[in-house]
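Notes to accompany the following structure.
The values are calculated or read from the model by the stated rules, or taken from the named source; none is laboratory data. All figures in this text were calculated on a predicted structure; none of them were measured in a lab. Using ideal geometry, Cβ is built from the backbone for each residue, glycine included, and neighbour counts are taken over all protein chains shown. Just so you know, the surface numbers come from the protein's heavy atoms only, side chains and all, with ligands and any DNA or RNA stripped out. Shrake-Rupley method; radii C 1.70, N 1.55, O 1.52, S 1.80 Å.
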Amino acid sequence: MRSRIPVILLACGSFNPTTNMHMRLFELARDHLHQTVEDTYIPKFPGSYQVIEGIMSPVSDSYGKKGLVSARHRVAMAKLALETSDWIRVDPWESKQDTWTETVKVLRHHYNEALRAFESKKEFTRNKHPTKSSTGDSLSCQQPVLPELKLLCGADFLQSFKTPSLWKEEDIKEIVGNFGLVCISRVGSDPSQFIQESDLLSKFQHNIFLVREWIQNEVSATQIRSAVCRGLSVKYLIPDSVIAYIAQHNIYTAESERRSEGHLLQPLRLQNTTINRLRD
């Protein structure tokens, strides 16, 4: 029986704060991939993919999004939210960068990390199981397999590809072509239609996995922050440990919500700078 392809799911975002919905995205994506069977696989196989890890990657403070609190707090809240998960973790690398890092570069970083782990594991397996004479056992089944890294996102993220000056076309091509997307649909969105309307995305639609959220949950971090600022309860919307952390550090206030108000997002500022240089 052919072994399943290991997959690592990477979600990039503000996580300001981490909500139950953020964590649900990972669970939905894992269920979908575990049930996905490629045409080249034998019938009745449980699924072509095996999700081995989920990674949350909070954006750095320099992103410039309105109301974005310190990465130190966002990483800490994500760690608390994921305490009960045995396969999802938060990675602080992106959040520690001095400047905003393009999503494609974050993907490259984590792919290189996975590649290093793979090479290390392969070397360990080689040393533990030196080449044997024919014994009827296939050593190939014992060899580690390099995981595929896929970007996990919501439909709104996918549709942001058409926002003028927000994305470089070569970055989109690398993301969907070399890595792949697992996109969770939301109410009122039709990602399949958007893919068909895009020449680039339709070319790589085989590498875009669309997942429908049958139990709709439209909780957003923006709504959570608004409720906290008004002194309203957010219990059962985010983990209790995160609620306690927010209260302890008085993170979300009317002042914090005005942070970076009126500022362009860093990717748009960079794009405008490039355009202005070309015009000079």
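Descriptive notes on the structure:
- For the stretch 79-118, a residue qualifies if it is open to solvent by 20 Å² or more (accessible area, probe 1.4 Å), farther than 20 Å from Thr18 by Cα and assigned to a helix (DSSP H, G or I), and the qualifying residues are Lys105, Arg108, His109, Tyr111, Asn112, Glu113, Leu115, Arg116, Ala117, Phe118.
Listed here are the residues, each with its yes/no results for (1) touching a Pro at 6+ places or on another chain (Cβ under 7 Å); (2) modelled with pLDDT under 85; (3) open to solvent by less than 90 Å² (accessible area, probe 1.4 Å).
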{"site": "Ser185", "(1), (2), (3)": "yes, no, yes"}
{"site": "Phe209", "(1), (2), (3)": "no, no, yes"}
{"site": "Ile215", "(1), (2), (3)": "no, yes, no"}
{"site": "Ala227", "(1), (2), (3)": "no, no, yes"}
{"site": "Leu232", "(1), (2), (3)": "no, no, no"}
{"site": "Tyr245", "(1), (2), (3)": "no, no, yes"}
{"site": "Pro267", "(1), (2), (3)": "no, yes, yes"}
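- Taking the conditions (1) part of a loop (DSSP other than H, G, I, E, B); (2) modelled with pLDDT of 95 or more; (3) surrounded by fewer than 22 Cβ atoms within 10 Å (Cβ to Cβ) in turn, Phe15 satisfies each one other than (3).
- Verdict on Gln196 being without any contact (Cβ under 8 Å) to a residue 40 or more places away in the chain and under 17 Å from Phe26 (Cα atoms): no
- Conditions (1) open to solvent by less than 20 Å² (accessible area, probe 1.4 Å); (2) assigned to a loop (DSSP other than H, G, I, E, B); number of the one not met by Ser189: (1)
- For the stretch 58-69, the condition holds for no residue, the condition being that it is among the aromatic types (Phe, Trp, Tyr) and either surrounded by fewer than 17 Cβ atoms within 10 Å (Cβ to Cβ) or modelled with pLDDT of 95 or more (or both).
- Among the residues of the stretch 1-30, those identified as more than 12 Å from Ile224 (Cα to Cα) and more than 14 Å from the chain's Cα centre (by Cα) are Met1, Arg2, Ser3, Arg4, Ile5, Pro6.
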